Amino acid sequence: MSASEAAKSGIPLNDYQGYSQIDFAFDDADVIEEDTLIAIIGRRKLEGGESIIQEKFVLNAAKRLVFIITENKYKGALDGSVPVLVQSLNWMEAAEEIDDLFLGDAEVWRRPSIGHADPLGGDFPVVTKDGHNVLDVIFTSPIANLAQVAESLDRVDGVVDHGVISKFPCTAVIASESGVSVIENVITNVAGDPAI
């Protein structure tokens, strides 16, 4: 919904600056895991001032999070990229530690800002407005426990944040050709199984 449509409907909108609590946050996650409603954001190219950190800050401040997605983004066995923000000065050390964590399950590539590049990100890697590099941890087979992946990434030196959204109440609104489904979850899945 655009700001003008919200205004016509009498829904007040504000910028998030200075608010410690917001009622609802809406997000179009890149993919959501069935049953757990754990989401991944940041797979798409980050444009201009976009930031995983800012997005997660708003999502975490919301009383209720609502994901609005199409049915092809709601999957039982997730694979593909988990974006990870790392400090630029020691990105290589963080990448090596992440690679060791998921050896055999994932490849770690530094995201290039233009075109395609080698795993090191080429001559022009993405540098966020906060000065971080973006690593794509690319899982080549289904991830057995996405919550455990998030917890493992949180413990790596040099990792600033990542694109896994978990551990808070959320709703998924899923659009398909046959209609709209709404799935509620009190708290998204937390890590329990050490398997990845």
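The values are calculated or read from the model by the stated rules, or taken from the named source; none is laboratory data. Bear in mind that the values here come from a model prediction, so they are computed numbers and not experimental data. Virtual Cβ from ideal backbone geometry, glycine too; neighbours counted across all protein chains shown.
Of all residues in the range 59-75 being surrounded by fewer than 16 Cβ atoms within 10 Å (Cβ to Cβ) and modelled with pLDDT under 90, which is farthest from D105 (Cα to Cα)?
K63
Which of the residues spanning the range 130-146 are surrounded by 16 or more Cβ atoms within 10 Å (Cβ to Cβ) and not aliphatic (A, V, I, L, M)?
Residues satisfying the conditions are H132, N133, D136, F139, N145.
Given the criteria at pLDDT 90 or above and out of contact with any strand residue (DSSP E or B) (no Cβ under 6 Å at 6 or more places or on another chain), does E33 qualify?
Answer is yes for this residue.
So for the range 88-110 (the condition being touching a helix residue (DSSP H, G or I) at 6+ places or on another chain (Cβ under 8 Å), modelled with pLDDT of 90 or more and in a loop (DSSP other than H, G, I, E, B)), does at least one residue qualify?
yes
Which number in (1) polar (S, T, N, Q); (2) modelled with pLDDT under 90; (3) part of a strand (DSSP E or B) marks the one condition that N189 misses?
That leaves (3) as the condition not met.
Would you confirm, using the coordinates I've provided, whether I53 is at pLDDT 80 or above, closer than 20 Å to E151 by Cα, assigned to a strand (DSSP E or B) and not hydroxyl-bearing (S, T, Y)?
So I53 fails the test.
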